[in-house]
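The values are calculated or read from the model by the stated rules, or taken from the named source; none is laboratory data. Here the structure is a predicted model, which is why all the values come from computation and not from measurement. Every residue, glycine as well, gets a Cβ built from its backbone with ideal geometry; the counts of neighbours run over all protein chains shown.
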Amino acid sequence: MNKKITVLPGDGIGPEIVAEAIKVLNKISEKYGHSFEYTYVDIGGCSIDKYGVPITDEGMEICKRSDSVLLGAVGGPKWDNCPPAIRPEKALLAVRKELGLFANLRPTKLFAQLSNASPLKQEIVGNGIDLLIVRELTGGVYFGERKTEEVDGELVATDIMPYSESEIERIGRVAIETAMKRNKKLSSVDKANVLDTSRLWRKTMHRLSEEYPQVEYSDILVDNTAMQLIKNPTQFDVLVTENMFGDILSDEASMLTGSIGMMPSASLSSGTLGMYEPIHGSAPDIAGMNIANPLGTILSAAMMLRYSFDMAKEADDIEAAVNKVLDNGFRTGDIMQEGCKKVSCSEMGDLVSQSI
Ligand code: NAD
């Protein structure tokens with residue numbers, strides 16, 4: 001298969017970790033006879049320095065015309081005082097909007113080899129955590145009308161949280177289809193005891209879930225979910241929720257693994273085009289030192305193969321290679337354990353690539 005991939009290395013450790021993911025993709029293309037064509041585009045601070053904007057119109061067009069987008073990370077102290085309209089992260093919001101990326105998939109997997117990196121007790125973690133949060137990404141309170149006005153001599157701020165049935169159905173279907181490919185278990189997270197948007201969310205999800213009797217469906221309130229993620233995280237498989245709840249819960253869930261450098265993510269559109277990136281930022285404190293953990297980006301590339309290119313076997317191959325490298329005791333500094341062998345960012349990329 002021939003696929004066009006737009007590569008957005010970005011700032012800080014972005015170029016280092018993306019280079020390792022490309023190394024792994026090249027190994028996959030060699031092994032399976034695919035052809036991946038890469039086009040590199042500046043994004044974030046490096047684009048502001050060169051062009052005065054966090055992404056150029058031409059860069060955006062290249063993203064739109066590709067089969068998928070691989071991102072490193074953007075931002076850093078150098079650009080912290082840029083005017084809000086041209087801050088590095090503006091480019092991410094623009095790409096999400098232009099590409100219609102409404103579904104954010106954030107897997108949280110505690111690799112058995114790293115189980116003592118989790119802040120949770122061993123008896124809670126069990127044989128490992130493996131859950132996936134599906135977050136609605138383009139609706140809700142982050143996109144609703146907002147205002148601050150003076151009422152009776154004091155300032156009053158209002159943020160509106162709109163959701164339409166079609167928006168809920170669209171994300172609900174992604175979640176159910178994803179659950180079908182995993183363990184056929186879906187929890188829909190809402191606040192239906194208080195919010196109208198949540199009541200519509202629940203009603204729509206119930207209607208959808210009836211179309212998929214094979215999926216074990218349940219509703220759960222967001223406050224209880226926050227608690228259950230700490231108390232008994234292995235009860236969950238796929239969780240689906242609206243934008244703000246998903247933002248908060250996915251950060252909480254990612255911390256259960258204790259290793260931010262390991263976590264991938266995918267943002268999907270209604271077609272096959274998606275954007276894939278590790279969940280961490282540009283880590284300016286370790287940029288340019290060749291010590292960053294590239295596994296989150298490498299696993300994001302695996303998600304790209306699975307969700308955008310329908311290459312499940314190739315994705316499995318990358319995930320198995322990561323497991324093998326961890327089994328063999330190789331670790332970057334952030335996940336280093338006693339008795340293991342410490343390797344650099346590029347050595348980790350080499351090891352995964354050689355294990356494929
Ligand atoms: P961060 O995720 O960049 O770093 C937090 C801590 O985790 C740091 O100590 C860092 O060294 C470490 N870390 C992160 N990724 C690592 C990896 N792969 N290997 C080893 N250690 C790793 O978060 P931050 O420090 O809050 O943010 C730094 C910059 O990144 C800011 O400008 C922020 O706006 C930006 N940011 C970008 C994104 C994105 O591009 N999607 C996301 C979050 C933050």
Options GLY52, GLY59, GLY100, GLY33: the member that is in the same structural domain as ILE335 (by TED's automatic domain parsing), buried (at least 20 other Cβ atoms within 10 Å of the Cβ) and of a type outside the set (S, T, N, Q)
GLY59
I'm checking my understanding of the structure. Among residues of the range 247-303 that are hydroxyl-bearing (Ser, Thr, Tyr), modelled with pLDDT of 95 or more and within 10 Å of the ligand (Cβ to nearest atom), which one is surrounded by the most Cβ atoms within 10 Å (Cβ to Cβ)?
THR297
Restricting to the range 128-185, give me the number of residues that are part of a loop (DSSP other than H, G, I, E, B) and in contact with a Gly (Cβ under 6 Å, 6 or more places away or on another chain).
4
I'd like the full set of residues that are surrounded by 14 or more Cβ atoms within 10 Å (Cβ to Cβ) and of a type in the set (Asp, Glu), limited to the range 311-356.
GLU314, ASP317, GLU319, ASP334, GLU347, ASP350
Quick one: would you say GLY14 is modelled with pLDDT of 95 or more, over 22 Å from SER355 (Cβ atoms) and within 12 Å of the ligand (Cβ to nearest atom)?
yes
Quick one: count up the residues across the range 1-52 that are under 19 Å from ILE318 (Cβ atoms) and in a helix (DSSP H, G or I).
17
Across the range 296-348, what is the total count of residues that are in a loop (DSSP other than H, G, I, E, B) and over 15 Å from LYS3 (Cα atoms)?
10
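Being assigned to a loop (DSSP other than H, G, I, E, B) and over 30 Å from GLU169 (Cβ atoms): is that true of ASN293 here?
In short, yes.
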Considering only the range 142-173, how many residues are surrounded by 12 or more Cβ atoms within 10 Å (Cβ to Cβ), within 25 Å of the chain's Cα centre (by Cα) and modelled with pLDDT of 95 or more?
12
Kindly evaluate GLU216 against the criterion of being touching a residue at least 24 places away in the same chain (Cβ under 8 Å), acidic (Asp, Glu) and either buried (at least 23 other Cβ atoms within 10 Å of the Cβ) or within 16 Å of the ligand (Cβ to nearest atom) (or both).
no
